[in-house]
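Heads up: the structure comes next, in structure tokens.
The values are calculated or read from the model by the stated rules, or taken from the named source; none is laboratory data. Here the structure is a predicted model, which means the values were calculated and not measured. Positions of Cβ are backbone-derived with ideal geometry, glycine not excepted, and every protein chain shown enters the neighbour counts.
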Amino acid sequence: MMKELLWLVWQNPHTRMKYHVGSLLYVAGDGYYFEYDRTNKSRGLQDAVKNGFTTFFAFPDLTKSYYSPFMFHAFSRRLPNKERPDYHSLLESYGLTGSSHEMEILRVTKGKTATDTFELVSPLLMEKDTFSVDFYIEGWRYYDGDTSLDMLETGQELLLRREPDLDKYAVEVFSPSNVKLGYIPAVYAEFFSTLLKEDHSVRMTIKTINKSGIPQLKVMVHVTGAVPYDFQGKHPGLLFPAQQDLEYS
């Protein structure tokens with residue numbers, strides 16, 4: 001049975017800190033489930049509430065699990081409007097097609113709106129002590145990626161470097177020829193920065209290149225690495241963006 005999970009992330013508009021407050025699960029042939037984070041982890045729901053979070057408006061009960069056979073309106077309204085005359089060209093700019101699933105569209109677009117500070121992101125997939133995740137390089141429009149685009153190719157390995165002088169957890173992404181392309185998305189930055197600081201292996205390769213895409217969706221990368229057994233124990237305050245199955249009935 002196919003399942004797909006997305007994290008609902010809330011950003012405090014004042015501190016700019018991000019918190020994992022809930023999870024949206026799709027189960028093929030069944031429907032959609034939403035529930036708030038039930039762990040006690042740092043930068044989870046409990047921390048978010050202490051820092052100003054109330055609820056995601058459509059789901060008022062923080063303790064309830066919600067179910068719908070169809071995509072919840074609170075999330076479907078975050079999808080591109082199919083009535084737009086440029087709908088299909090918009091999907092193409094994201095590297096999507098008219099047959100792309102709603103969850104895939106939300107994952108790629110992050111379901112962002114101009115009216116709130118929520119986004120949907122892919123959690124890292126964990127298998128024993130190894131993680132993997134796909135995402136787009138952030139900040140592309142502000143650096144030199146376009147000047148190197150013709151020299152990039154799928155499968156190519158990119159370089160990662162911590163940049164603590166810019167931000168405590170910032171991780172820069174460079175091409176093989178040492179051209180700065182952008183950054184690791186902020187929701188994953190603390191996790192990757194901590195791994196790199198401790199000299200753990202993190203490997204980033206180019207998964208797709210969309211030369212005609214909008215800047216923030218030009219290059220999707222695939223990142224893998226090992227998570228040492230005692231890593232979470234050593235860093236109890238770390239936002240650890242790993243996939244967890246939701247409980248549902």
Here the residues within region 123-147 that are at pLDDT below 85 and touching a strand residue (DSSP E or B) at 6+ places or on another chain (Cβ under 7 Å) are PRO123, LEU124, LEU125, MET126, ASP129, ASP144, GLY145
Of the residues that make up region 36-49, is at least one at positive phi and touching a residue at least 12 places away in the same chain (Cβ under 8 Å)?
-> yes
So, first residue in the same structural domain as GLU35 (by TED's automatic domain parsing) and in contact (Cβ under 8 Å) with a residue 60 or more places away in the chain in region 66-83, second residue loosely packed, with under 15 Cβ neighbours inside 10 Å and of a type outside the set (Gly, Ala, Ser), Cβ within less than 9 Å, six or more apart or across chains; the pairs are TYR67/ASP30
Here are some conditions: (1) charged (D, E, K, R); (2) within 22 Å of the chain's Cα centre (by Cα); (3) within 30 Å of GLY233 (Cα to Cα). GLU92 meets all but one. Which one does it not meet?
-> (3)
Of the residues in region 114-146, those that are touching a residue at least 24 places away in the same chain (Cβ under 8 Å), surrounded by 12 or more Cβ atoms within 10 Å (Cβ to Cβ) and part of a loop (DSSP other than H, G, I, E, B) come to THR117, SER122, PRO123, ILE137, GLY139, TYR143, ASP144
Counted residues, region 148-159 - those being under 30 Å from HIS235 (Cα atoms) and surrounded by fewer than 18 Cβ atoms within 10 Å (Cβ to Cβ) = 2
Restricting the search to region 147-178, which residues are under 12 Å from GLU190 (Cα atoms) and in a loop (DSSP other than H, G, I, E, B)?
-> GLU163, PRO164, ASP167, LYS168, TYR169, ALA170
Check on SER93, closer than 29 Å to ALA189 by Cα, surrounded by fewer than 18 Cβ atoms within 10 Å (Cβ to Cβ) and either touching a helix residue (DSSP H, G or I) at 6+ places or on another chain (Cβ under 9 Å) or modelled with pLDDT under 90 (or both) | yes
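Every residue, every condition in (1) crowded, with 16+ Cβ neighbours inside 10 Å; (2) assigned by TED's automatic domain parsing to the domain that holds PHE135; (3) at pLDDT below 90, yes or no:
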site: VAL9; (1), (2), (3): yes, no, no
site: HIS20; (1), (2), (3): yes, no, yes
site: TYR33; (1), (2), (3): yes, no, no
site: ARG38; (1), (2), (3): yes, no, yes
site: LYS50; (1), (2), (3): no, no, no
site: THR55; (1), (2), (3): no, no, no
site: LYS64; (1), (2), (3): no, no, no
From SER76, SER100, grab the single residue that is surrounded by fewer than 18 Cβ atoms within 10 Å (Cβ to Cβ), at pLDDT 90 or above and closer than 30 Å to MET17 by Cβ.
-> SER76
Please find, within region 195-231, the residue that is nearest to GLU92 (Cα to Cα) out of those that are of a type in the set (Val, Ile, Thr) and either crowded, with 18+ Cβ neighbours inside 10 Å or touching a helix residue (DSSP H, G or I) at 6+ places or on another chain (Cβ under 8 Å) (or both).
-> ILE214
